[in-house]
Amino acid sequence: MRISKVLNAHGLGTLLLCLLEVLCLGYVAHSASAANPPDAAAVLLIRNATILTVSHGTIEHGSILIKDGKIAEVSQSINAPKDAQVIDAAGQFVMPGIIDCHSHIAAESINEGSVSISSMVNMAEILNPEDIDIYRDLAGGVTAANILHGSANSIGGQTLVIKLRWGQPAAKLPFEGALPGIKFALGENPKRSNFSIPGQPRRYPSTRMGVEETIRGAFSEARDYQKSWEDYGKRLAAGEKSLIPPRRDLRLEPLAEVLEGKRYVHAHCYREDEILMLLRVAKEFGFKVRTFQHVLEGYKVADELAAAGVGASTFSDWWAYKVEAYDAIPYNAALMTRRGVVVSINSDDAEEATHLNQEAAKSMKYGGLSHDEALKMVTLNPAVQLGIDKRVGTIDVGKDADLAIYNHDPLSAYAVVQKTLIDGRVYFDRQRDTAERSEREKEKKALIDKFKKSADKKPEDKKPDATVPILQKPTEKKPGEKKQEEKKPEEKPGPPQSSGIDSAAPVLPGGEL
């Protein structure tokens, strides 16, 4: 209330509100209109399309019948049921919705970098459904994403898979039934090679061997923690009375879930030596690494990755942006695929996610993968890596109707998304988006004009607000009035002269800082 009065007193309140409206207009308009209405059709038919099923070939001039958010039928000829909404996709291509196995959208924060083990924090608790990147990635055909903690920690925060249900609250974003994960990181980032705060000691670990020890030490604790609960459960089942349960540890609890196979490990990595290191640690403690993320030297150890049954989620052709990425090659994805590794192409970037279809297509140029193999890298393969392949990743009867409709073959550089569906609802429609742009521009112009008029308008004479203190002018001296002599403050002994050493700095024996 006080702030509002001060703003109004200075004639700034209206201006500030107008400015905020102008800045937020683009987002608000998207939020209000882009999300599908709650009364979306229960039955939807997409017809006359080229259907890229991923699982069983291509269907020319095909149709997809959707009922209650699920794919009910896929074939060349389907009669539209009564009251069905029909999308005529003549000349267009329908593919499974793109799944991004490494994303940081829809999150209020990414890294809890103050400690090297931050397994107690959870990305699910800071989801931001108003992040405009959700809508932008929808416009690129993305329907699901693995929301990861950052890579500042040897063991980072807990992760989750979401569906990009733009316009829905945070509680509606998580992918129902998807197993949660946890982020690990190896190499330069967790050892803080490129990060330091002047005047503060470096955080442990600062070497690759320290990263390994940090992970091994944490799982040693987690194994003991797990055993304490197992022993408690056995004693309770045996009928012992007055038992005190072990103290709950929020840091070790997620790691115990990893040991029990209830939480996936997604590990940021680059170099072959650190990849093999984590595989040894995982074998030692009896857990599995679900995916290596980035894994730019995976081609060097592809046989070991395949033998361990671990997935690889990589970039298409990024390289040399830091020292540990110097040996990256664009053939990485294809070489690992040929050795039997399940490979996906990820974004790690909101803008990159808007054209993951093109990133996947690069594997056809670099490595000679087939059309279907390339398409799998952004559909079925990431679905397998995230354990959601029974629900999404292909166009099959019974699966969720998460689909992307393109005007050209999705692996073409000319392909542009026309519609994106999640659970059978149209969450992005390019035609509708384009049609509404002129109205948004008109509204934006009206607000800008309103702002300019308010800025040019002279503030009316108003009585000063009693709640706002008024600065008093100093009393003027009357003519002939003698100036009073100011009393000089008593002189006090000053501090001792500096010897060249900062007096605020601690002095160690011998005079060293």
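Couplings 3J(HN,Hα) of region 350-359, computed from phi: 4, 6, 4, 5, 6, 9, 5, 4, 6, 4 Hz, in residue order, whole Hz [Karplus 6.51 cos²θ - 1.76 cosθ + 1.60, θ = phi - 60°; x for Gly and Pro]. Once the Cα-Cα distance is subtracted from the 0.36 nm per residue extended length, the Lys172 to Trp319 segment shows a gain of 49.3 nm.
Taking every DSSP bridge with both residues inside region 58-184, close to 70 percent are antiparallel. Heavy-atom accessible surface of Trp318, to the nearest 10 Å², is about 80 Å², with a 1.4 Å probe and all protein chains retained. On full extension, the segment bounded by Arg440 and Ser109 gains 116.2 nm, given 0.36 nm per residue less the C-alpha separation. Sorting the segments 236-242, 290-296 by their mean number of nearby beta carbons within 10 angstrom, highest to lowest, gives 290-296, 236-242. Rounded to whole numbers, the Karplus 3J(HN,Hα) couplings from phi for region 377-391 are 5, 10, 10, 5, 4, x, 5, 5, 4, 9, x, 10, 5, 6, 10 Hz, using 6.51 cos²θ - 1.76 cosθ + 1.60 with θ = phi - 60°, and x at Gly and Pro. Residues Glu441, Glu221 ordered from highest to lowest accessible area at a 1.4 Å probe: Glu441, Glu221. Just the accessible area for Lys70, please: 1.4 Å probe, Å², rounded to the nearest 10? About 80 Å², rounded to the nearest 10. For region 389-457, the solvent-accessible area of protein heavy atoms averages 54 Å² per residue (probe radius 1.4 Å; ligands and nucleic acids excluded).
Among Glu257, Glu213, the order of accessible area from largest down is Glu213, Glu257, computed with a 1.4 Å probe on protein heavy atoms. Taking the convex hull of the alpha carbon positions in region 168-300 and averaging its projected area over all directions gives 12.6 nm².
Applying both filters, DSSP loop and at most 12 other Cβ atoms within 10 Å, to the trypsin sites (Lys or Arg not before Pro) of region 176-220 gives Arg202. Given a 1.4 Å probe and the protein chains as shown, Phe93 ends up with an accessible area of around 40 Å².
The values are calculated or read from the model by the stated rules, or taken from the named source; none is laboratory data. Computed from a predicted structure; not experimentally measured. Neighbour counts are summed over all protein chains in view; Cβ atoms, including those assigned to glycine, are modelled from backbone coordinates with ideal geometry. Surface accessibility is based on the protein's heavy atoms, side chains included, excluding ligands, DNA and RNA. Shrake-Rupley method; radii C 1.70, N 1.55, O 1.52, S 1.80 Å.
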